[in-house]
Amino acid sequence: MKILFLASEIAGLIKTGGLADVAKALPAQLKANGHDVRLVMPCYSLVKGAYDLPIIGEGTLNPGTGIAIDYVIRKTFVGEVETWLIDCERFYKRTSLYGDNNQAYSDNGSRYAFLSAAALDACIVLGFSPDIVHANDWHTALTPMILRFKYNNHPNFVNSRSLLTIHNGAFQGVFDRSQIYFLPEINNVYNDMIMSGSYINFLKCGVFYADKINTVSPGYAQELTTYLGGHGMAKNFQDRAADLCGIVNGCDYTDWDPSTDEHLRIRYDVNTMDEKILGKYLLQKKLGFEMGDTPLYGMVARLTDQKGVGLLIPILDRFLMHKVQVIIEGTGDPNFERQMQEIASRHPGKMIFAGKYDNTLAHQIEAGADFFLMPSIFEPCGLNQIYSLAYGTLPIVRAVGGLKDTVIDYDQNRELGNGFIFNDASPDELLSCLRRTLIFYLEDQHEMQRVKRNAMKVRFNWSDSCKQYEDLYIAASQKPKWW
């Protein structure tokens with residue numbers, strides 16, 4: 001198939017979150033499977049200044065009108081995948097991707113509507129006729145709608161069908177219609193399912209008009225259809241339930257493998273688990289903890305409500321009364337950062353808060369900790385629990401989204417268990433689960449080692465996820481045009 005894959009960021013060029021990892025890994029696997037893939041991303045100033053990006057085409061949206069906008073197409077490769085960068089300085093000549101000083105750019109609606117439109121226009125400029133237009137998150141969610149209303153009868157898109165992948169449904173891209181002034185084909189469409197007054201919801205547009213929709217785990221796909229988990233869009237997802245599915249993200253084990261990890265002084269695999277204990281001692285020494293068999297709990301996360309930080313803070317003091325060690329690394333809500341630092345100061349030698357992101361430390365926490373904390377309020381897929389499994393560090397997660405799809409609770413399945421799960425979003429239930437893991441650690445170290453080996457045997461390979469995407473592409477291509 002010919003696949004046009006749109007994303008607001010791509011690892012290897014620029015990254016702020018997990019979307020960038022998927023935008024690099026999935027197209028690479030599709031390319032390896034023999035598909036003809038083109039990646040498309042904005043040509044941000046941060047990228048333009050760092051790479052040699054030759055111009056391969058020039059285009060104009062709405063030529064010959066008062067709303068004409070010129071752009072150029074630059075080319076690079078992410079791995080083996082040809083990548084087009086849409087260069088339009090009025091939208092992408094900025095100091096950051098999405099905003100400055102924790103404030104989103106006021107014209108982000110225009111910036112990403114333009115990306116969606118220019119990506120399709122670039123296909124005409126460069127003579128690429130995609131079978132599948134694969135949009136990701138709200139930033140490119142207008143693409144299926146533009147494809148329908150602007151290019152319905154265009155010969156370049158006669159066989160094109162669309163897929164929207166939702167990596168986080170909480171972020172929907174709601175803007176005043178005036179921001180899409182250069183898209184008269186869709187700016188004049190009125191539909192109560194995607195608009196409210198003068199505002200248009202980009203993600204709702206994608207959900208309404210895409211041929212197929214998926215999110216990054218089966219659990220999250222189901223949650224999106226509920227009023228509790230649908231981020232205010234439950235009815236939109238319910239109406240498209242027949243075309244909605246979940247596919248768990250793969251993991252890039254070239255970066256996250258304890259047997260080859262360059263960030264570790266001591267490497268190990270499932271057959272040399274004793275080396276993991278030595279890595280724990282090194283981490284304890286680095287953090288200033290007492291070296292020994294005290295259970296070590298790690299967490300690497302953005303300090304936000306979504307990540308369950310509001311559940312953890314109220315019970316940390318009580319948990320630290322036990323003989324435990326806790327290392328938390330992350331940045332985010334300044335109030336959460338302050339509270340974490342205050343708790344750590346009350347428990348010297350038992351808790352360290354690292355209020356910044358250090359990639360080497362993150363790898364060492366995954367390798368050296370006994371347990372890894374992910375008490376998320378919601379989690380579309382999650383990657384850290386997958387990394388933790390690979391490193392034999394037992395994840396402690398809430399039963400939501402991709403967390404419940406990837407972790408098996410030990411007390412629910414002693415044979416296959418590889419972590420610990422709690423259900424309710426309450427601090428007390430989290431504390432109860434933490435104490436359950438502490439008892440498990442203290443009672444039977446032999447069983448603890450067996451469960452760690454269980455965890456390390458689990459694999460979430462992109463080759464498996466990619467096969468599911470291929471099946472989804474085929475299903476989309478078989479739909480009648482413009483259902």
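The values are calculated or read from the model by the stated rules, or taken from the named source; none is laboratory data. Because the structure is a prediction, the values reported are computed rather than measured. Counting neighbours? That spans all protein chains shown, and the Cβs are built from the backbone with ideal geometry, glycine included. With ligands, DNA and RNA removed, areas are computed over all heavy atoms of the protein, side chains included. Shrake-Rupley method; radii C 1.70, N 1.55, O 1.52, S 1.80 Å.
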Seminar exercise, completed: Picked from region 127-143 (must be closer than 23 Å to G57 by Cα and among the polar types (S, T, N, Q)), the residue surrounded by the most Cβ atoms within 10 Å (Cβ to Cβ) is T143
Seminar exercise, completed: Taking first residues from region 140-158 that are within 18 Å of P480 (Cβ to Cβ) and second residues anywhere that are part of a loop (DSSP other than H, G, I, E, B) and hydrophobic (A, V, I, L, M, F, W, C), the pairs with Cβ under 7 Å that are 6 or more apart or on different chains are P144/A210; R148/W482; F149/V189; N152/W482
Exercise. Quick one: which helices (runs of 4 or more DSSP H) sit completely within region 357-459 and have at least 3 residues that are under 24 Å from G229 (Cα atoms)?
Worked result: 384-390, 401-406, 427-443
Exercise. Which pairs have Cβ atoms under 7 Å, sit 6 or more apart or on different chains, and link a residue in region 424-453 that is at pLDDT 95 or above to one that is open to solvent by less than 20 Å² (accessible area, probe 1.4 Å) and polar (S, T, N, Q)?
Worked result: V451/N418
Exercise. Among the residues of region 429-448, which ones are under 30 Å from D252 (Cα atoms) and surrounded by 15 or more Cβ atoms within 10 Å (Cβ to Cβ)?
Worked result: L430, C433, L434, T437, Y441, M448
Exercise. Given the structure, is T406 modelled with pLDDT of 95 or more, under 18 Å from the mean Cα position of the chain (by Cα) and farther than 15 Å from I315 by Cβ?
Worked result: yes
Exercise. Residue check: is D87 touching a residue at least 24 places away in the same chain (Cβ under 8 Å), crowded, with 20+ Cβ neighbours inside 10 Å, out of contact with any helix residue (DSSP H, G or I) (no Cβ under 6 Å at 6 or more places or on another chain) and of a type outside the set (V, I, T)?
Worked result: yes
For this session: For S426, work out the one condition from (1) surrounded by 18 or more Cβ atoms within 10 Å (Cβ to Cβ); (2) closer than 16 Å to L373 by Cβ it doesn't fulfil.
Result: (1)
For this session: Considering every residue within region 146-155, establish whether at least one is modelled with pLDDT of 95 or more and either on the phi > 0 side of the Ramachandran plot or of a type in the set (D, E) (or both).
Result: no
Problem set entry | Residue ID - nearest to C205 (Cα to Cα), chosen from residues in region 93-104 that are in contact with a Leu (Cβ under 9 Å, 6 or more places away or on another chain) and open to solvent by less than 40 Å² (accessible area, probe 1.4 Å) | L97
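Condition check ((1) over 28 Å from L30 (Cβ atoms); (2) small (G, A, S)) across all residues:
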{"residue": "A242", "(1), (2)": "no, yes"}
{"residue": "C245", "(1), (2)": "no, no"}
{"residue": "T260", "(1), (2)": "no, no"}
{"residue": "Y268", "(1), (2)": "yes, no"}
{"residue": "K276", "(1), (2)": "yes, no"}
{"residue": "L282", "(1), (2)": "yes, no"}
{"residue": "F289", "(1), (2)": "yes, no"}
{"residue": "M299", "(1), (2)": "yes, no"}
For this session: For residues that are of a type in the set (K, R) and closer than 22 Å to G18 by Cα, scanning just region 299-353, find the one that is most open to solvent (accessible area, probe 1.4 Å).
Result: R302
Exercise. Out of region 312-333, which residues are at pLDDT 95 or above and either assigned to a strand (DSSP E or B) or more than 25 Å from Q364 (Cβ to Cβ) (or both)?
Worked result: P314, I315, D317, R318, M321, Q325, V326, I327, I328, E329
Exercise. If you scan region 253-288, which residues turn out to be acidic (D, E) and farther than 22 Å from Y441 by Cα?
Worked result: D255, D257, D261, E262
Exercise. Do any strands (runs of 3 or more DSSP E) lying entirely in region 155-266 carry at least 2 residues that are open to solvent by less than 20 Å² (accessible area, probe 1.4 Å) and of a type outside the set (A, V, I, L, M), and which ones are they?
Worked result: 161-166, 212-215
For this session: Please indicate, with yes or no, whether at least one residue in region 331-345 is free of Cβ contacts under 8 Å to residues at least 24 places away in the same chain, farther than 25 Å from L383 by Cβ and among the acidic types (D, E).
Result: yes
